[in-house]
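Worksheet: one structure, shown below.
The values are calculated or read from the model by the stated rules, or taken from the named source; none is laboratory data. Remember, it's a predicted structure, so these values are computed and weren't measured experimentally. Cβ placement follows ideal geometry from the backbone for every residue including glycine, while neighbour counts extend to all protein chains displayed. These accessible areas exclude ligands, DNA and RNA; they are computed on the full protein's heavy atoms, side chains included. Shrake-Rupley method; radii C 1.70, N 1.55, O 1.52, S 1.80 Å.
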Amino acid sequence: MLDIRLLREERKLIEDALAKRGMNVSLKAFYEKDSKRLELLRQAEELKHRRNLISKDIGVRRAKSEDTAVLLQEVKSIGTEIDGIHSSLDVLEKELNDFVLTIPNVPHASVVYGRSSDENPVVKTWGTKKEFSFTPYTHDELAAILGIIDFDRGAKIASSGFSVSIGSGAALERALINFFLDIHTREQGYTELYVPYVVNDVSMTGTGQLPKFKEDLFKIEGEELYLIPTSEVPITNIHAKEILEKQFLPRYYTAYSPCFRKEAGSYGKDTKGLIRQHQFNKVEIVKLVEPGSSYDELESLLIDAEELLKRLELHYRVVSLCSGDLGFSAAKTYDIEVWLPGQNEYREISSCSNFEDFQARRAGIKYRPAKGGKPAYVHTLNGSGLAVGRTIVALLENYQQEDESVVIPEALRPYMNGVTVLKPAKK
């Protein structure tokens with residue numbers, strides 16, 4: 001969440017930031033409530049001052065053995081009035097806090113203005129598009145030919161948006177997960193975590209999923225618990241309500257998890273294949289860092305995610321999200337988009353974001369800049385390293401052969417028990 005003092009002191013900054021995001025949000029109600037809050041605080045202070053004067057007068061009168069009954073009644077009455085004001089203040093503070101939770105992060109100065117993903121500037125590319133002497137299949141067509149993913153049975157077991165990986169398909173999922181984790185932990189300095197796949201509403205609020213994205217979440221009936229939409233949520237929240245020592249930072253974490261999303265706002269989009277599933281696997285990378293280094297850390301986090309695609313020899317580009325495409329909690333985001341020849345387009349495979357102190361403020365994650373110094377909020381960052389299902393999409397479409405087989409890239413072969421080629425299933 002934003003610092004509420006920023007809303008109070010930098011109204012134009014916030015209004016400009018919301019306008020840059022293309023949001024028509026009125027702050028009028030906030031400022032009206034905040035003015036009322038200030039007036040109530042003023043009234044409470046005046047009443048407390050009046051009560052102190054009367055209390056002193058009572059002391060003087062008692063020393064003279066004078067009657068104080070009327071004054072005592074006035075003190076009691078003032079106390080009741082102060083209690084009433086404090087109750088009203090509690091309500092107002094909650095309303096103000098709830099409102100602030102709905103306000104997105106302020107975009108970093110380097111984020112360009114734009115209304116949609118069509119206006120995201122490309123900042124770099126790697127590799128070249130695969131050329132084929134035949135018309136390439138889409139990944140879902142190849143999955144059927146190879147017999148490695150069954151979408152119909154996934155729908156039968158659960159509903160549409162679920163799938164079953166079979167044989168080499170399941171092995172490929174596991175191979176990618178281990179491949180990603182090994183690079184992150186053995187080469188890039190991340191500490192591996194195994195986290196809960198269920199989190200409470202406080203954790204969801206801490207990373208910005210609640211209240212904004214409630215309709216996209218799978219909630220456990222009768223409980224304030226949710227299936228995680230990404231392991232970013234439990235990873236970030238392991239240090240919620242903590243004050244970390246300076247030497248503890250920077251802290252890099254990685255974790256594999258299944259992810260669960262209703263995709264409530266995406267009906268009719270990508271209904272075929274693995275692009276938009278209700279359950280999918282992902283390896284996440286998360287950083288907790290000091291504020292002064294967070295944008296350098298964003299660049300290195302992006303490089304860490306890119307390295308996976310380079311090892312798999314998959315052509316991709318990196319775009320910087322414009323203001324209108326920026327996620328709710330992010331101050332700046334890079335999307336890595338992999339080339340999919342079967343679909344003849346680029347698709348996001350990783351998002352790398354700097355949230356600055358937006359999540360840390362919500363989750364209460366602080367650090368002590370110096371011994372005895374005043375605690376300050378850390379900056380949090382995260383990225384996908386990578387979305388496993390979308391990586392399978394990219395591998396199938398880029399490594400397909402004319403005979404309908406799919407070659408396993410060399411870097412992944414040690415994780416596939418020697419399998420080098422996926423061959424069409426026997427009819």
Counting only residues that are of a type outside the set (V, I, T), in a helix (DSSP H, G or I) and loosely packed, with under 15 Cβ neighbours inside 10 Å, which one in the stretch 56-73 is farthest from the chain's Cα centre (by Cα)? A63
Name the residues in the stretch 107-122 that are in a loop (DSSP other than H, G, I, E, B) and either open to solvent by 30 Å² or more (accessible area, probe 1.4 Å) or free of Cβ contacts under 8 Å to residues at least 40 places away in the same chain (or both), would you? H108, A109, S110, V112, Y113, R115, S116, P121
Does E284 qualify as being in contact with a helix residue (DSSP H, G or I) (Cβ under 9 Å, 6 or more places away or on another chain), open to solvent by less than 10 Å² (accessible area, probe 1.4 Å) and acidic (D, E)? yes
Considering every residue within the stretch 347-360, establish whether at least one is at positive phi and part of a loop (DSSP other than H, G, I, E, B). yes
Would you say V195 is among the hydrophobic types (A, V, I, L, M, F, W, C), out of contact with any strand residue (DSSP E or B) (no Cβ under 8 Å at 6 or more places or on another chain) and either open to solvent by 20 Å² or more (accessible area, probe 1.4 Å) or outside any helix (DSSP H, G or I) (or both)? no
Selection status of G389, part of a helix (DSSP H, G or I), closer than 30 Å to S294 by Cβ and either out of contact with any strand residue (DSSP E or B) (no Cβ under 6 Å at 6 or more places or on another chain) or in contact (Cβ under 8 Å) with a residue 12 or more places away in the chain (or both): yes
Selection status of D90, exposed (fewer than 12 other Cβ atoms within 10 Å of the Cβ), at pLDDT below 95 and either part of a loop (DSSP other than H, G, I, E, B) or within 37 Å of the chain's Cα centre (by Cα) (or both): no
Apart from one, (1) touching a residue at least 60 places away in the same chain (Cβ under 8 Å); (2) among the β-branched types (V, I, T); (3) under 18 Å from Y256 (Cα atoms) all hold for V198; the odd one out is (1)
Flagged in the stretch 396-415 as assigned to a helix (DSSP H, G or I) and more than 18 Å from I183 (Cα to Cα), in numbering order, are L396, E397, N398
Which of the following residues is part of a strand (DSSP E or B) and in contact with a Lys or Arg (Cβ under 7 Å, 6 or more places away or on another chain): Y334, Y367? Y367
For the stretch 134-151, indicate whether the set of residues that are modelled with pLDDT under 95 and open to solvent by 40 Å² or more (accessible area, probe 1.4 Å) is non-empty. no
Would a scan of the stretch 33-46 turn up a residue that is open to solvent by less than 40 Å² (accessible area, probe 1.4 Å) and in a loop (DSSP other than H, G, I, E, B)? no
Say whether the condition of being part of a strand (DSSP E or B) and surrounded by fewer than 24 Cβ atoms within 10 Å (Cβ to Cβ) is met by at least one residue in the stretch 291-302. no
Residue ID - modelled with the lowest pLDDT, chosen from residues in the stretch 397-427 that are open to solvent by 40 Å² or more (accessible area, probe 1.4 Å) and of a type in the set (S, T, N, Q): N417
Answer yes if at least one residue in the stretch 310-319 is within 29 Å of G114 (Cα to Cα), of a type in the set (F, W, Y) and part of a strand (DSSP E or B), and no otherwise. yes
With the requirement that a residue be among the basic types (K, R), part of a helix (DSSP H, G or I) and surrounded by 13 or more Cβ atoms within 10 Å (Cβ to Cβ), what does the stretch 9-24 give you? R11, K20
If you check every pair at least six apart or on different chains, which have Cβ atoms under 6 Å apart with a residue in the stretch 339-362 that is open to solvent by 40 Å² or more (accessible area, probe 1.4 Å) first and a residue that is small (G, A, S) second? E356/A331
In the set G389, G383, the lone residue that is touching a Leu at 6+ places or on another chain (Cβ under 9 Å), crowded, with 24+ Cβ neighbours inside 10 Å and over 17 Å from V233 (Cα atoms) is G389
